[in-house]
Structures are given as C-alpha cells and as structure tokens.
Amino acid sequence: MLARVGSAAVLGIEAFSVDVEVNSGGVGDMRAVIVGLPDAAVRESLDRVFTAMTNSAFRIPLGRTTVNLAPADVRKEGPSFDLPIALGIVQASEQIESPLLNHYLIAGELALTGAVRPIKGALAMALRAQAEGLRGVIVPAENAPEAAVVRGLEVIPVSNLRQAAAFLEGEEKIPRVVTDIDALFNQPPDEEADFSEVRGQESVKRALEIAAAGGHNVLLIGPPGTGKSMLARRLPTILPPLTLAEALEVTRIHSTAGLLGRGQALITRRAFRSPHHTASDAGLLGGNANPTPGEISLAHHGVLFLDELPEFKRSVLETLRQPLEEGRVTISRAAGTFTFPAEFMLVAAMNPTPDGKMPSESRSSPKAIQNYLGRVSGPLLDRIDIHVEVPSVKFADLSTAPAGESSSAIRSRVLRARTLQQQRFANRPAVACNARMGGRDLRAHCGLDPGTHEMLKHAMTDLKLSARAYDRILKVGRTIADLAGAAAIGADHVCEAIQYRSLDRQLWT
C-alpha cells in the first residue's frame with residue numbers, strides 16, 4: 001500500500017516542503033530503503049524508526065519497503081524525518097487509517113523507545129505549513145511553543161509515536177498549543193545591565209545614544225580597563241524593542257541554528273553577540289556544506305560586538321564589508337547560493353597602540369604602531385559611522401560621581417528619534433533608520449544651508465575624508481538633529497558628527 005506524509009526540511013533558514021512517500025508490502029525479501037538524496041543521518045533513520053515502531057507496539061511490515069523523499073534533487077539532512085517516515089510506514093502497512101495525514105506538516109526525531117525528540121527549524125517549518133495552506137503542524141512537544149507563534153495554525157504537540165498515531169486516528173484528543181505573544185513581549189528582562197551603573201564617560205554615552213537613535217556602527221578606541229566592553233554590553237538596553245516581525249526573523253535564525261532555549265517560543269530581546277577574535281570566516285558569516293547562520297546573522301536586529309578588533313584576521317574583517325552595506329550576507333556553496341539576513345549594529349573596540357597607550361605616550365615603535373593599526377583597513381573604517389575615544393576614568397569619577405542616567409531615560413529619547421525616522425521613511429520600508437539611508441534619501445532629507453555646507457567642505461578637505469565618510473557625516477548629523485527635535489540639520493549637528501570622524505584620522509595618518 002502507498003502512503004504520503006507531508007513534512008519539511010530547512011535549507012539555509014528557509015523551509016521547503018518534502019513529500020514523504022512510503023510504499024510497503026512489496027514483493028521480495030524483507031528490506032527497506034530510502035531514496036531522494038538523503039544524507040547519512042536520514043539513511044540511518046530506518047534503524048531508529050523500526051526500533052521505535054517495535055517498542056511502540058507496531059509491527060514491522062513484511063516484504064520491501066521503499067521511502068521516497070521528494071523533491072529528489074535537493075539533499076535532505078537531519079533526523080526530523082523520523083516521525084513522518086514512521087507514520088507513513090504504519091499507514092502504508094494498514095496499521096492505522098487516517099485522512100488527516102494530508103492536512104498536517106509533520107516533523108520530529110524518534111528515540112529508540114518511540115519518544116519524540118525536539119528538532120531544529122520548527123518555526124521555519126510552521127511558516128512553510130502556513131504558506132502551503134495546511135491546517136497545522138504535528139511537532140515534538142518541546143518545539144510546540146515555538147511553532148505556535150505562527151497565527152492561524154493548529155500546533156499539535158506529541159511526546160511519542162503512539163500518541164501521534166492515536167491523534168491521527170481520532171482516538172486521542174490533544175489540546176492545541178497557543179502562545180500568548182503579548183505576554184512574551186511584556187516579560188521583564190533578566191538581570192539586565194543598565195547605563196546608570198557607568199560612572200563618567202559622558203561623551204561615550206552620548207555617542208552610543210546617537211548610535212542607538214540612528215542604528216549607526218561605532219568604534220570605541222581607548223586603553224585597556226576604560227570600560228569599552230562594559231559600555232558596549234549596555235547598548236541593547238537603549239535600543240527600541242523588537243517588533244513582532246523582527247522577533248519572528250530573529251527567532252527563525254536562532255531556531256535554525258539550534259540556539260533556542262528548551263521550550264522557548266520567541267526571542268523578544270535584541271541579540272548581543274560577541275565572537276572571540278579567533279573566529280573564522282565561516283564562524284562569522286556562516287558556513288559548512290549546507291550553510292548555517294554565522295555570528296553576523298545571529299546578531300540580526302541586534303548588536304555584533306568585536307572586542308580587540310585588530311586581533312581578528314584581516315580576511316575575516318574584510319568579509320564584513322558586504323553585510324555592513326547591504327544588511328545581508330550571500331554564501332555560495334556546491335549545494336547552492338544562500339542569503340542570510342544580517343542587519344546589525346557593529347560595535348568594535350580596540351586599543352590605540354599595541355601597548356594600549358595613545359600614540360603620544362606609547363613606547364611602541366612607529367612601525368609597530370603602524371602595523372597594528374594597519375590590521376584594520378580604511379574601507380572598513382569608512383563603514384563605521386562613529387569613532388569615539390574612551391579615556392581613562394579618573395578616581396574622583398569612580399568614587400564620588402553620582403549614578404549616571406538610566407537606560408530607560410536614554411531609551412525614551414532614542415524612541416522619539418526613531419519615531420521621527422519611521423514617519424520620514426513611511427514609504428520606504430527597506431529603510432528602517434537613518435543609517436540605512438541611500439543616496440536618494442540623503443538628497444531628500446539631509447539638505448544643508450550654504451554656511452553649513454561650506455563648513456563641511458573645509459572639514460572634508462582638512463581631514464582628507466572619503467566620499468563614503470561624507471555620507472556618514474550627513475547620516476549622523478540627521479540623527480543628532482532628530483534627537484534634538486530639529487526639522488533641518490544645523491551647523492552644530494554637523495560639527496558634532498564631524499568630530500566622530502576625526503579620531504581615526506589622527507591615528508591612521
């Protein structure tokens with residue numbers, strides 16, 4: 001008898017439909033095969049499936065059993081086909097009779113006992129089921145909250161093979177899982193850091209506020225122990241909250257990478273990723289034969305923090321140039337070309353010289369300093385909007401200075417600036433903030449009066465800034481004006497934006 005079960009596989013971060021076709025009871029010796037370009041994990045699934053069936057009181061069909069995973073020209077990976085294969089075999093061998101198999105997308109890994117184990121990419125599969133117009137999904141109980149964030153879809157949690165078969169036959173009623181999305185967004189943060197804990201460093205906190213308001217990239221330059229990492233880790237606390245659409249994108253990426261917590265339904269906080277400086281190209285961008293998301297995609301709609309920036313391999317840093325410009329990363333492999341979203345804020349930190357001191361105080365030779373700074377290329381620096389010095393904090397500031405302004409107070413100003421940007425770019429959905437403005441947006445929203453334009457011209461000449469730096473100054477100036485509630489960019493806004501481009505010229509020249 002022939003049976004068909006709907007399932008899905010994940011390629012990159014997108015799920016595609018897979019038809020699990022099972023023909024059982026064929027003439028010949030007792031034998032089972034899987035065709036349809038399966039990988040080793042899928043080929044091994046028959047041993048797990050037959051053992052799970054035996055331990056779940058199902059009989060192994062006699063004769064030849066053929067399992068086809070269609071489409072046959074795309075490689076299938078992972079153990080998520082165990083459950084649909086098992087249900088297809090028991091249907092094809094007439095041990096159950098259920099028309100519901102064609103109305104649900106089914107995925108899950110089987111233990112030898114028949115228990116159903118969690119899988120990666122459940123959210124992507126649920127979105128695929130919704131796109132296919134299916135009634136719902138049958139997934140492991142631990143993946144059910146994640147899949148249930150897709151509205152209008154029945155999510156059936158199953159704990160074992162026997163339970164799944166009983167539900168499909170109508171012998172057992174399983175309550176649908178419903179995820180309260182509003183409650184997830186209203187959960188208080190767990191021990192969240194706060195800017196009020198930072199003593200001094202008012203100029204750096206101002207720069208980070210501007211960065212958060214406009215989505216700008218930041219480079220923090222200063223000696224060791226000045227609080228660069230501490231400041232960077234508090235940046236997510238002043239960023240706007242994720243929207244539902246953004247949360248779904250972020251959750252889908254983390255689900256595909258297998259990084260969701262047990263029973264976690266939705267990521268509602270902006271990510272903060274801090275890879276070690278020994279990270280490879282594949283670790284940062286994504287890799288493997290079937291590419292999975294790298295650190296820059298895991299930081300999507302969040303912060304990517306690169307501490308000790310010159311210690312990263314130069315080849316690794318150069319790979320950041322495309323995603324910083326385009327908000328996505330494209331990876332080509334034999335299996336195909338994959339595009340991962342990568343709209344993140346880059347926050348980088350570094351010492352000004354090999355021994356951590358400013359060049360005027362350093363004991364390192366000029367050549368050693370030049371080689372150290374040369375690890376960070378000019379094109380990469382041009383893509384970082386704000387360069388700010390993080391000076392050493394005086395003892396008086398540490399011991400007697402009052403508590404700094406709280407993250408919630410700073411975030412309220414950031415939110416007002418972001419609201420202005422949302423109104424400004426209402427007809428440009430691809431532009432979420434000032435940092436994402438293109439040439440047309442700059443001409444439309446960053447006009448300067450003659451005096452301010454002349455001042456910027458002299459600054460460009462004196463500092464020998466590039467054309468890309470000119471655009472960055474206008475974008476940062478527009479954000480500073482938004483924080484001030486100004487309709488037009490004034491001379492004071494441009495002056496402050498210029499100072500965030502001057503530090504790198506003092507060091508790199």
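The values are calculated or read from the model by the stated rules, or taken from the named source; none is laboratory data. Keep in mind that this is a model prediction, so the values were computed, not measured. All Cβ positions, even for glycine, are placed from backbone atoms using ideal geometry, and neighbour counts span all protein chains on display. With ligands, DNA and RNA removed, areas are computed over all heavy atoms of the protein, side chains included. Shrake-Rupley method; radii C 1.70, N 1.55, O 1.52, S 1.80 Å.
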Using a Förster radius of 30 Å, what is the FRET efficiency between residue 278 and residue 333 based on their Cβ-Cβ separation? Nearest 0.05, please. 0.85
Full-extension gain in nm, residue 159 to residue 427, via 0.36 nm per residue minus C-alpha separation: 91.8 nm
Carbon and sulfur atoms account, in whole percent of the 1.4 Å probe accessible area of region 86-244, for 48
Per 5 Å bin, what is the whole-percent P(r) computed from every C-alpha pair distance within region 139-257? 2, 9, 14, 14, 13, 10, 10, 8, 6, 5, 5, 3, 2, 0
About its Cα centre, how strong a charge dipole does region 228-362 have in debye, to the nearest 20, once Lys and Arg get +1 and Asp and Glu get -1 at the Cβ? 380
Put +1 on the Cβ of each Lys and Arg and -1 on the Cβ of each Asp and Glu in region 141-198; which of 186, 141, 170 then has its Cα farthest toward the positive end of the dipole? 170
Total formal charge among the other residues, if their Cβ is under 9 angstrom from that of residue 300, Lys/Arg +1 and Asp/Glu -1: -3
How far apart, in nm, are the 7 Å Cα→Cβ label points at residue 408 and residue 495? 3.5
Within 10 Å, count the other beta carbons around each residue, average over each peptide in 147-154, 59-66, and list them highest first. 147-154, 59-66
Only bridges with both residues in the chain count here: give the DSSP antiparallel percent, nearest 5. 50
Just to be sure I understand the model, the point goes 7 Å from the Cα along the line to the Cβ. What's the resulting residue 440 to residue 37 distance in nm? 3.7
If you take the beta carbon distance between residue 454 and residue 233 as r and set R0 to 35 Å, what does 1/(1 + (r/R0)^6) give as a FRET efficiency, to the nearest 0.05? 0.30
Let me know the charge dipole size of the chain about its Cα centre in debye, to the nearest 20, where only the beta-carbon of Lys, Arg (+1) and Asp, Glu (-1) is charged. 960
Have a look at 381, 458, 370 and report the one farthest towards the positive end of the charge dipole of region 366-474, computed about the Cα centre with Cβ charges (Lys/Arg +1, Asp/Glu -1). 381
Work out the charge dipole of the chain with +1 on the Cβ of Lys and Arg and -1 on the Cβ of Asp and Glu about the Cα centre, then indicate which of 340, 215, 259 is farthest towards its positive end. 215
Using the heavy atoms of the protein chains and a 1.4 angstrom probe, tell me the accessible area per residue for the chain in square angstrom. 43
Local net charge near residue 114, Cβ-Cβ under 13 Å (Lys/Arg +1, Asp/Glu -1): +1
Set the Förster distance to 51 Å, then compute FRET efficiency between residue 368 and residue 103 from the Cβ-Cβ distance, nearest 0.05. 0.15
Check: region 339-450 dipole with +1 on Lys, Arg Cβ and -1 on Asp, Glu Cβ, in debye: 340
Looking only at region 78-101, which residues have a backbone nitrogen under 20 Å from a spot 7 Å from the Cα of residue 57 in the C-beta direction? 86-98
List the lysines whose alpha-carbon lies under 26 Å from that of residue 394, not counting same-chain residues fewer than 8 positions away? 205, 228, 357
Please list 250-263, 11-24, 470-483 highest first by mean number of surrounding beta-carbon atoms within 10 Å per residue. 470-483, 11-24, 250-263
Convert each backbone phi in region 203-214 into a coupling constant with the Karplus relation 6.51 cos²θ - 1.76 cosθ + 1.60 (shift: θ = phi - 60°), then list the ³J(HN,Hα) values in order as whole Hz, x for Gly and Pro. 5, 6, 5, 4, 5, 5, 5, 4, 4, 5, 5, x
Label-point gap, in nm, between residue 464 and residue 377 - each point 7 angstrom along Cα→Cβ: 1.9
Using amide H atoms built 1.01 Å from N in the peptide plane, name the residues 5+ places from residue 329, or on other chains, whose amide H lies under 5 Å from its own. 340, 342
Using the Cβ atoms and a cut-off under 10 Å, what net charge is assigned to the surroundings of residue 196, where Lys and Arg are +1 and Asp and Glu are -1? -1
Assuming 1.567 mPa s and 4 °C, estimate D for region 26-91 with Stokes-Einstein, Rh taken as the Kirkwood radius over Cα pairs, in µm²/s. 106
Which whole-Hz ³J(HN,Hα) couplings does region 484-491 yield from phi under the Karplus relation 6.51 cos²θ - 1.76 cosθ + 1.60, θ = phi - 60°, glycine and proline marked x? 7, x, 8, 6, 10, 7, x, 5
